[in-house]
Amino acid sequence: MRRPIRKPRTWKPDLEYKSEGVARFINAVMWDGKKDTARRVVYDAFSKIKEGGANPLETFEAAIRNASPLMEVRSRRVGGANYQVPREVPQNRRLALAYRWLIGSARSKKGRPMADKLAEELSLAAKNEGEAIKKKDEMHRMAEANKAFAHFAW
């Protein structure tokens, strides 16, 4: 018997910016269920972006848009050989990867508070720079290099 179709998940908008995207980003930043700490980190990062003279919500949306990959490679076994088959990335996974890369690149920097690192990474991604954008470009390069195997897509 087939699995029942799951309803798409709905998100409550965050308290300050009334945005579902920011609420999801706060949840992605959260560690060990400490949502207040995650919320404080994200809002502090947004206030640092605001101090720099930019609109934090527009900067955040531009960063997510720029860091979201359009294509990825998935491994596919055909006749005893594994091929890296390029595929289009679904919207939910696109957002999840962008969040993961932005947060991971901010966490990898050392010696400063997380809010500062996150604000810097969001600002760089909004300008199409930074580690998260490098990851996206690398993923696109892999997909481009393996487009000869696109006919194996399932």
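The values are calculated or read from the model by the stated rules, or taken from the named source; none is laboratory data. The structure presented is a predicted model; accordingly, all values stated were derived computationally and were not measured. All Cβ positions, even for glycine, are placed from backbone atoms using ideal geometry, and neighbour counts span all protein chains on display.
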Exercise for the section: Name the one entry in L70, L118, L95 that is out of contact with any Asp or Glu (no Cβ under 6 Å at 6 or more places or on another chain), exposed (fewer than 13 other Cβ atoms within 10 Å of the Cβ) and at pLDDT 90 or above. Expected result: L70
Practice task
For residues that are under 16 Å from K18 (Cα atoms) and hydrophobic (A, V, I, L, M, F, W, C), scanning just the range 35-67, find the one that is surrounded by the fewest Cβ atoms within 10 Å (Cβ to Cβ).
Solution key: L57
Exercise for the section: Could you look through the range 64-105, keep only residues that are among the polar types (S, T, N, Q) and in a strand (DSSP E or B), and pick out the one that is nearest to F149 (Cα to Cα)? Expected result: Q84
Practice task
Report yes if R76 is charged (D, E, K, R) and touching a Phe, Trp or Tyr at 6+ places or on another chain (Cβ under 6 Å), otherwise no.
Solution key: yes
Problem - Count of the range 114-140 residues which are in contact with a Ser or Thr (Cβ under 8 Å, 6 or more places away or on another chain) and not in a helix (DSSP H, G or I) - result: 1
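Any chance the range 141-153 includes a residue that's in contact with a Ser or Thr (Cβ under 7 Å, 6 or more places away or on another chain), of a type in the set (D, E) and part of a helix (DSSP H, G or I)? Step through it out loud before you land on a result.
First, pick out the residues of the range 141-153 that are in contact with a Ser or Thr (Cβ under 7 Å, 6 or more places away or on another chain): none.
No, that holds for no residue.
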Completion exercise
In the range 1-39, anything under 20 Å from G104 (Cβ atoms) and without any contact (Cβ under 8 Å) to a residue 24 or more places away in the chain is listed as A23, I26, N27, M30, W31, D32, G33, K34, K35, T37, A38
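Is it the case that the range 130-137 has a residue that's of a type outside the set (D, E, K, R), out of contact with any His (no Cβ under 9 Å at 6 or more places or on another chain) and surrounded by fewer than 20 Cβ atoms within 10 Å (Cβ to Cβ)?
First, the residues of the range 130-137 that are of a type outside the set (D, E, K, R): 130, 132-133.
Then drop every residue that is not out of contact with any His (no Cβ under 9 Å at 6 or more places or on another chain), which leaves 130, 132-133.
Filter once more, keeping what is surrounded by fewer than 20 Cβ atoms within 10 Å (Cβ to Cβ): none.
Looking through the range 130-137, none of the residues is of a type outside the set (D, E, K, R), out of contact with any His (no Cβ under 9 Å at 6 or more places or on another chain) and surrounded by fewer than 20 Cβ atoms within 10 Å (Cβ to Cβ).
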Practice task
Mind counting the residues in the range 35-54 that are over 10 Å from A119 (Cβ atoms), over 19 Å from the mean Cα position of the chain (by Cα) and assigned to a helix (DSSP H, G or I)?
Solution key: 3
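Determine whether Y83 is at pLDDT 95 or above and either at positive phi or of a type in the set (F, W, Y) (or both). Steps first, please.
On the way: at pLDDT 95 or above: no; either at positive phi or of a type in the set (F, W, Y) (or both): yes.
When the stated conditions are applied, Y83 does not pass them.
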